[in-house]
C-alpha cells in the first residue's frame, strides 16, 4: 500500500509548532526582563532572610520593628532575620552624643528568585501571587548613620549631611535605573522608587534641623 500524505503550501506554519514557539517565548520573558534590569550584572543567590544592621558610629543600640511589632533589639553591628513580604521594616538607633535615627527598610526585588510574568494562564496566576505575597522581594543590609547632636561649625554640619544625601541618592539610583530599564522585573516603578528616595532625603533634612552648631550656641 502506498501511503499518501497531504502536502502543505510553502510558508504555512504548523499550528502545533507555532504554539510551542509562542509558549517558549512566554516562558522565558522573565529571563529577558531580569537581564534588561540587571544590565549585565550577575544575578545574586537567593536571599536567605538575614539582614546585617550596622551603625555609624558602631555600637549603637537599635530596635527593629515591622508592622508595629518588635523583631529584634540589637547592638550594631548584628544580624537580624526578616520574612519576605510587602511590608517595610524600621530600624531605630540611639548612641551617646548622637541624634536618634530611624531608617525605613523597604523590601525590593530579589533577583535570586524567579519573578513570574503575566504570560499565559499559569504565568498570570503566579504573577498575581508574587505581587500579593511579596515572595520575590527581599531586604538589604543597612548602615544607620547617626549624626552628631552638635557640630563645631555650620560648615561641618552641612558637609556631614551633604555626604549622607549623596549616599542615599547613589543607593536609590541603582534601583531606579533597574526599574527604568525593566519595570516588569523590578515590580516597583521608577516613580515609586524616587518617592522612597525623596522620603529618605526628607527624613535626613529633619535630622539636620535637630542638630545644633556649638559656636552659634556660644554666641547666644
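Condition check ((1) surrounded by 13 or more Cβ atoms within 10 Å (Cβ to Cβ); (2) out of contact with any helix residue (DSSP H, G or I) (no Cβ under 8 Å at 6 or more places or on another chain); (3) outside any strand (DSSP E or B); (4) modelled with pLDDT of 95 or more) across all residues:
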| position | (1), (2), (3), (4) |
| --- | --- |
| 17 | no, yes, yes, no |
| 21 | no, yes, yes, no |
| 26 | yes, no, yes, no |
| 32 | yes, yes, yes, no |
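Quick check: anything in region 177-189 under 23 Å from residue 53 (Cα atoms) and at pLDDT 95 or above? No, region 177-189 contains no residue that is under 23 Å from residue 53 (Cα atoms) and at pLDDT 95 or above.
Any idea which residue in region 59-83 is surrounded by the most Cβ atoms within 10 Å (Cβ to Cβ), counting only those that are touching a strand residue (DSSP E or B) at 6+ places or on another chain (Cβ under 9 Å) and outside any strand (DSSP E or B)?
Ranking the candidates gives 60 first.
The condition (being over 27 Å from residue 173 (Cβ atoms) and either assigned by TED's automatic domain parsing to the domain that holds residue 186 or at pLDDT 95 or above (or both)) is satisfied by just one residue among 50, 58, 100, 145: 100.
Residue 188 satisfies every condition listed in (1) assigned to a helix (DSSP H, G or I); (2) in contact (Cβ under 8 Å) with a residue 40 or more places away in the chain; (3) surrounded by 14 or more Cβ atoms within 10 Å (Cβ to Cβ) except (1). The residues of region 84-142 that are touching a helix residue (DSSP H, G or I) at 6+ places or on another chain (Cβ under 8 Å), surrounded by fewer than 14 Cβ atoms within 10 Å (Cβ to Cβ) and over 23 Å from residue 55 (Cα atoms) amount to a single one, 86. Are any residues in region 148-180 part of a helix (DSSP H, G or I), touching a residue at least 60 places away in the same chain (Cβ under 8 Å) and either over 15 Å from the mean Cα position of the chain (by Cα) or crowded, with 17+ Cβ neighbours inside 10 Å (or both), and if so, which ones? Matches in region 148-180: 154, 175, 178, 179.
The values are calculated or read from the model by the stated rules, or taken from the named source; none is laboratory data. Predicted, not measured: the structure shown is a model, and the values here were computed from it. Note that we place each Cβ from the backbone using ideal geometry, even for glycine, and neighbour counts take in every protein chain shown.
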